[in-house]
Amino acid sequence: MKIKRKIGILTVSLLALAAGIFWLMPESRLEKGMVIVTAVPSGFDLTIEDMGTDNRYIAGSQIIVLRMDADNSEIEPILLTEDFYSARAPEISYNGEKMVFSGQKSQHETWQIFTMDFKSFKVSQITVGNKNCTDPTLLPDGRIAFSMQDEDKLTGTVHRLYACEPDGNDTKQLTFSPNSSFASSIFRDGRILILEEQQFPQRNRRKLMALRIDGTKSELFYESKESSEVIGKGWEAGEKVFFIEREIQDPEKTNIVSVNQGRPLSSFNNLSENISGEFNSLSPSGGEYMLVSYREKKEQTFGLYSFDLTSEDLAEVIYTNSEYHIIEPVLVADRQVPMKLPPIVDESKDKGRLLCLNTDLSMDDPGLDDGKKTAKVQIFGIDEMIGEVPVEEDGSFYIEIDADTPVRFQTVDAQGEVLRGPSSWIWVRPNEKRSCIGCHEDRELAPDNKVPDALYAGMMKFPEGEMTAAIVINGKEEDDEE
């Protein structure tokens, strides 16, 4: 592997950066084409596997911009967050004129969300409170989504996704499961992509999930094989989505992975299989190259490189620093504003509906050869079974459940034997109507073109298509008829 060193490397001492020697002169301005990165003190172990506090709230991290000097011969690292004790997670606005990021004003303050205008360099604080906030992303409707640290007696510490107006008002919760959600980004189709890890009742492997900007239609986007796990933010570029995976048996080997946007579960491609070392983060920069944070050996710091998507190899060294890891690169450039999907949530309602087409359809066991069929579906909340509902002859059921309440499902046969489950956590927003094909079904499978019995029966029984059957809640049957 040959890496071309295109530009000189300017080394910045830890003392100089911490003391604020590098700054933006009054006549300076950020221009499109510059690269913004997070600089992390070299003593911080970036191979730590904890997705929560350790890797999201890095003491002493700073956001810098890399630009060419007056002679166009070397990179000048310019400190952008000199008024912060710590800062990271930069993201550029769609018009390339401002940055949103997570920062900590002083050592003992909580991390909050801020914006910086690139013309005036004015910093505005967006979130305020005693809870840590991190990983912001800009939504197509102008709001800002971010992860906030929540504490719960039963589930422990989790990070849930929230969104607020550009001035910080009208904060609304978007995810409701006992999972931690981080590293959000936006698809062109208007959905949010998040990195999620279940925290309760036990920790599970990380997954990439997609949901609408009002918190509806949350669904699995990508799940790693057993030998690896996703560790960073996913970025869409063209028809592909790029992200980093770490190998479970060798934490010092990470890979750049791409999947097709249309079929993410069956289009895995390891772009760096033959490259030793670690990739920390990446960012598509347009065309045939992307920006990557990489180091060959653990004793080195992560540096900024370009990666050739055609040859699937490192192309150029852009910037390295012996005192700092250089991670989370973003290009100052215009970006296409994603679609703005119409809202589904109606906060005047307190319930949503879920339709399952066939509880006996599963990827895990496509058919139960012993003839066992699902008779009922049991519904579990955080600390108890909420109730159970019978299924129709074709395995379908249609229920109405409390909105913004995490639930899991388990199928049982006529004798009460558990067939499948419990499922992953799921929720419905107020007024949301969502459906699934089966139980642990192929997520890329198109359903049969037929009306399920549950929906047909529900439409016949209730003029507004309510439930096909009453749910038994705490041993007591409720009719739910309006």
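The values are calculated or read from the model by the stated rules, or taken from the named source; none is laboratory data. Treat the numbers as computed from the prediction; the structure is a model and nothing was measured. For neighbour counting, all protein chains shown are included, and Cβ atoms are generated from backbone atoms with ideal geometry for every residue, glycine included. Ligands, DNA and RNA are excluded from the accessible area calculation, which covers all protein heavy atoms including side chains. Shrake-Rupley method; radii C 1.70, N 1.55, O 1.52, S 1.80 Å.
Think of a 1.4 Å ball rolled over the protein heavy atoms: the range 94-191 then has 38 Å² of accessible area per residue. Between residue 165 and residue 316, the modelled labels are 4.4 nm apart [label points 7 Å from Cα along Cα→Cβ]. For the range 406-417, the Karplus equation 6.51 cos²θ - 1.76 cosθ + 1.60, evaluated at θ = phi - 60°, returns couplings of x, 9, 10, 10, 9, 9, 10, 8, 5, 8, x, 6 Hz by residue, with Gly and Pro reported as x. Database remark: amide H of residue 431 closer than 5 angstrom to the amide H of 346, 351, 352 (H placed geometrically; neighbours at sequence offset of 5 or more, or on other chains; Pro and chain starts carry no H). Centre-to-centre, using Cα atoms only, the range 190-219 and the range 375-420 are separated by 21 Å. With the simple model of a label 7 Å out from the Cα in the direction of the Cβ, residue 300 to residue 435 spans 5.2 nm.
When a 1.4 Å probe is rolled over the protein heavy atoms, the share of accessible surface on the range 162-241 that falls to carbon and sulfur comes to 45 percent. The H on the amide N of residue 267, modeled in the peptide plane, is under 5 Å from the matching H of 260, each at least 5 residues off or on a different chain. Give the distance, in whole Å, between the Cα centre of the range 82-125 and the Cα centre of the range 249-268. Centre-to-centre (Cα) distance: 30 Å.
Taking R0 as 41 Å, what FRET efficiency do you get between residue 125 and residue 74 from their Cβ-Cβ distance, rounded to the nearest 0.05?
After rounding, the FRET efficiency stands at 0.75.
For the range 318-416, the carbon plus sulfur part of the accessible surface works out to 51%, probe radius 1.4 Å. Computed from point charges on the beta carbon alone (+1 for Lys and Arg, -1 for Asp and Glu), the dipole magnitude for the range 239-284 about its Cα centre is near 220 Debye. Each residue of the range 388-393 is assigned a 3J(HN,Hα), and the resulting list reads 8, 9, x, 9, 7, 4 Hz, derived from the Karplus form 6.51 cos²θ - 1.76 cosθ + 1.60 (θ = phi - 60°), x at Gly and Pro.
Taking only protein heavy atoms into account and a 1.4 Å probe, give the accessible area per residue of the range 233-359 in Å².
Accessible area per residue, the range 233-359: 44 Å².
Taking amide H as placed 1.01 Å from N in the peptide plane, residue 74 has its amide H under 5 Å from the amide H of 69, each at least 5 places away in sequence or on another chain. In this structure, residue 250 and residue 372 have a Cβ-Cβ separation that, at R0 = 56 Å, corresponds to a calculated FRET efficiency of about 0.85. In order along the range 32-44, phi translates into HN-Hα couplings of 5, x, 6, 10, 9, 9, 9, 9, 10, x, 4, x, 7 Hz, rounded to whole numbers, per the Karplus curve 6.51 cos²θ - 1.76 cosθ + 1.60 with θ = phi - 60° and x for Gly and Pro. Take the Cβ atoms of residue 451 and residue 189, set R0 to 30 Å, and the FRET efficiency comes out at 0.65. Spin-label model, residue 203/residue 172: points 7 Å from Cα along the beta carbon direction are separated by 3.3 nm. The length gained on full extension between residue 220 and residue 348, counted as 0.36 nm times the residue separation minus their Cα-Cα distance, comes to 43.3 nm.
Sketch the reach of a paramagnetic label on residue 333 as a point 7 Å from Cα along Cα-to-Cβ, and name the residues of the range 83-104 whose backbone nitrogen lies under 18 Å away. So the set is 90-100. Applying 0.36 nm per residue to the separation of residue 59 and residue 384 and subtracting their alpha-carbon distance, the gain on full extension is 113.1 nm.
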